[in-house]
1. Look through Asp147, Asp200, Asp205, Asp185 and report the one residue that is in contact with a His (Cβ under 9 Å, 6 or more places away or on another chain) and acidic (Asp, Glu).
2. Out of Leu235, Leu267, Leu186, report the one residue that is modelled with pLDDT under 85 and either hydrophobic (A, V, I, L, M, F, W, C) or within 23 Å of the chain's Cα centre (by Cα) (or both).
3. So Ser231 fits all but one of (1) surrounded by 16 or more Cβ atoms within 10 Å (Cβ to Cβ); (2) of a type in the set (Gly, Ala, Ser); (3) over 26 Å from Gln84 (Cα atoms); what number is the exception?
4. Do the conditions hold for Val97, that is, is it farther than 16 Å from His137 by Cα, over 17 Å from the mean Cα position of the chain (by Cα) and modelled with pLDDT of 85 or more?
5. Quick test of your reading of the structure: Gly149 fulfils all but one of (1) of a type in the set (Gly, Ala, Ser); (2) out of contact with any Ser or Thr (no Cβ under 6 Å at 6 or more places or on another chain); (3) within 25 Å of Arg233 (Cα to Cα). Name the failing condition by number.
6. What do you reckon, is Leu193 of a type in the set (A, V, I, L, M) and under 25 Å from Val118 (Cα atoms)?
7. Quick one: which helices (runs of 4 or more DSSP H) sit completely within segment 194-235 and have at least 3 residues that are among the hydrophobic types (A, V, I, L, M, F, W, C)?
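The values are calculated or read from the model by the stated rules, or taken from the named source; none is laboratory data. Since we're looking at a predicted model, the values are computed, not measured. Backbone-built Cβ (ideal geometry, glycine too); neighbour counts: all protein chains shown.
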Amino acid sequence: MAKFESLVIKDKSSENVESEEEKSRTSPTPIEISDDNVLVGPWLSVDKEMKSTEGGHKSGSPVKETTATLIVCPVSVLSTWTDQICRHVHQDVSLQVYMYYGRGRLRDVEFLRERDIVLTTYFTLASDYRRDHSPLHKIKWFRVILDEGHIIRNPQTQLTKTMWDLEASRRWVLTGTPIQNRLDDLWSVVRFLRLEPFDDKNSWDSAVAMSVRRGCPQGVNRLQKLIKHISIRRLKSDKHEGKPLVELPPRTVVKQEVELSKKERELYDSMQKDGQLIIRR
């Protein structure tokens, strides 16, 4: 368990941040989408947006409002969030950040709602929720951010329902793959964002999903407009203060031809044929 006190998000300027803040005010539930499955730039815009806001759940207990931000992420990137917070801070203003993780985590609702940022993991939140002992569900957060948000793509899982049940004024989803296998993967995210009327499955199916499956231009157009309205896409080519968001070396492509043995060729051709049959179904 780690606890951070006396931190503040650094108020950096950028070519894109101001327009993104305006978009957040008019569309308070964005999906942060990055290119090539790598999150290259959500940190600055998220940090900036949090800095600008300083100052009916399962348990049945009254929900207490707060100005805090709850960040939910896989345990593998928990340290990345703490590193990024530390990277974009200075000591002029106190920002109280608490990591709600580990056996010794404090479950006191008043303590948690008085923090500025609370960090936790999907597993921790789902574990508390299953035992009907989730203090994070007893708070109406100003903002909830789901990192690697495609984790909630399956609407049938308890984990997804745990995230849906969080109360918040603003909702963010950070993901490089909003759609992994099916269009309905996106619906789980839309449901979390509570984007009416599309958060209702019947409305989503009739207005978007079924039309897209049939190749109807109207359905595709609706989907494109929805994505454009709620998402901020990050590309590796994007720059901040004249510098690339991520410094990458030039790509090197090496083509290595391999001669298959007779047995390998038979196995390869068989798998190729099976794959083609699956695609044609």
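1. Testing whether each residue is in contact with a His (Cβ under 9 Å, 6 or more places away or on another chain) and acidic (Asp, Glu) leaves just Asp185.
2. Among Leu235, Leu267, Leu186, only Leu235 is modelled with pLDDT under 85 and either hydrophobic (A, V, I, L, M, F, W, C) or within 23 Å of the chain's Cα centre (by Cα) (or both).
3. (3)
4. So Val97 fits the description; yes.
5. Looking at each condition in turn, Gly149 falls short on (2).
6. yes
7. Per the criteria, 217-230.
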